[in-house]
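Have a look at the structure below before the remarks.
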Amino acid sequence: MTLTSRLFEAYVKCPTKCFLHSLGEASEDNPYASWVNAQIESYRNDALDRLMNGVPINDRASSPTCASDLKTAQWLLADEFVARAEDLESSIHTVERLPAEGPDRPSQFIPIRFFDNNKLTRENKMLVAFDALVLSKVLGREVSIGKIIHGDNQTALKIKIPPLEADVRKLIPKVRVLLSSPTPPDLVLNRHCIECEFQLRCRQKAIEKDDLSQLPGMATKDRKKLYGRGIFTVTQLSYTFRPRRRPKRLAGKREKYHHSLKALAIRERKIHITGKPELNIDGTPVYLDVEGLPYRDFYYLIGVRFRMGDAVVEHSLWADHPDEERRIWADLLGILSNIAKPVLFHYGRYETTFLGRMRERYGDPPDDSVALKAITTPVNVLSVLFTQIYFPVL
């Protein structure tokens, strides 16, 4: 089977996704995955149009054929360039040709990819390195430079291929083995699941298998250690928990997190509590939840919920574009300013990071405002729940 850039990209995210793509499995209904793909496609089209419009029309090419056009190419930019060599194929977003600097020197070709994220990942760079590797096989000479155009400002960044090529070459044999196998790889849920079109399928399979990867926060190395002990399911893990009396010297320290106790809570459908969790509230609790696109460094939703008298008040502050982020931040501060002694409660570090970045970008409210105190002294309830309260849910 031909190893395409689409399959390589899928493998980097999840081997199971790569295997399902190789079988031509139909995508499932995952609204978030569909939205992410639509955003990626829209960004790519916009960035490509902008790049192409900066080049005279006679210096552009669309979907050129690989073998013939590279030797006699006169274009400077070619979009939808499909490079094929041996059993490798890469659909390169755009290829830039730098004319030869002398009669005895060949033209240089630079693969270009578009990513909408503001912060590049190693995965982004490896995809460009895969493009460069296939292109180098077609040309019969090294392609040492790639280019990425990314983020809200469509920033262009040159990528040095040699440091990445070794990792790409290591992955290619692994992908080939996977594609030649009649059976799927071991199913492991990971962070990519939320934006994957096969999320529901894999989640159902994990539930049926009672797979350990359902447990949030369990590292791959810890899961492999359990496999080595013959523990493969959440139910099996639940029977390994043994409550122990803590030494007095550790009385002042937080208990470590027990995956086995989490498994026990799930099996027994009971909440388990260790230690003495305490949460002191001096003011009006305001529950804060923020959603954003980390790869674009953009927050698009701020949710707050609080009680005013006998009524529960909720606000959902939406930003359809990064330019509207300042507005929803100002709206949040306005809401807090009208609450008596507001105390922000949130779950996890994401909201803490959000508050810090908003203050850096847009400044603080007046020094004597209740809003300033609220955003500078938020309470992370995860610090109380984690290691002390185990809920019977995955």
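The values are calculated or read from the model by the stated rules, or taken from the named source; none is laboratory data. As the structure is a computational prediction, the values presented were derived from the model and not from experiment. Here Cβ is always computed from backbone atoms with ideal geometry, including for glycine, and neighbour counts include all displayed protein chains. Side chains included, ligands, DNA and RNA excluded: accessible areas come from the protein's heavy atoms. Shrake-Rupley method; radii C 1.70, N 1.55, O 1.52, S 1.80 Å.
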Exercise. Is one or more of the residues making up the range 122-133 loosely packed, with under 12 Cβ neighbours inside 10 Å and under 30 Å from the mean Cα position of the chain (by Cα)?
Worked result: yes
Exercise. Which of the residues spanning the range 44-78 are farther than 12 Å from VAL95 by Cα and open to solvent by less than 30 Å² (accessible area, probe 1.4 Å)?
Worked result: ALA47, VAL55
For this session: Any residue in the range 209-235 that's basic (Lys, Arg): show its pairings with residues that are in a helix (DSSP H, G or I) and open to solvent by 60 Å² or more (accessible area, probe 1.4 Å) at Cβ separation under 9 Å, as long as the two are six or more apart or on different chains.
Result: none
Problem set entry | Listing of helices (runs of 4 or more DSSP H) fully contained in the range 277-394 that carry 3 or more residues being closer than 30 Å to SER260 by Cβ | 349-362, 382-385
For this session: State which residue is surrounded by the most Cβ atoms within 10 Å (Cβ to Cβ) when the search covers only the range 178-203 and only residues that are under 17 Å from the mean Cα position of the chain (by Cα) and either in a loop (DSSP other than H, G, I, E, B) or among the aromatic types (Phe, Trp, Tyr) (or both).
Result: CYS196
For this session: Within the range 204-249, track down each residue that is open to solvent by less than 80 Å² (accessible area, probe 1.4 Å), in a loop (DSSP other than H, G, I, E, B) and of a type outside the set (Ser, Thr, Tyr).
Result: ASP210, LEU215, PRO216, GLY217, MET218, ALA219, GLY230, ILE231, PHE241, PRO247
For this session: All but one of (1) out of contact with any strand residue (DSSP E or B) (no Cβ under 8 Å at 6 or more places or on another chain); (2) open to solvent by 40 Å² or more (accessible area, probe 1.4 Å); (3) of a type outside the set (S, T, N, Q); (4) under 30 Å from GLU123 (Cα atoms) hold for ARG296, so report the exception by its number.
Result: (2)
For this session: Identify, from the list GLY348, GLY363, the residue that is of a type in the set (Gly, Ala, Ser), within 30 Å of SER238 (Cα to Cα) and either surrounded by 17 or more Cβ atoms within 10 Å (Cβ to Cβ) or at pLDDT below 95 (or both).
Result: GLY348
Problem set entry | Test: GLU324 is free of Cβ contacts under 8 Å to residues at least 40 places away in the same chain, in contact with a Lys or Arg (Cβ under 7 Å, 6 or more places away or on another chain) and open to solvent by 30 Å² or more (accessible area, probe 1.4 Å) | no
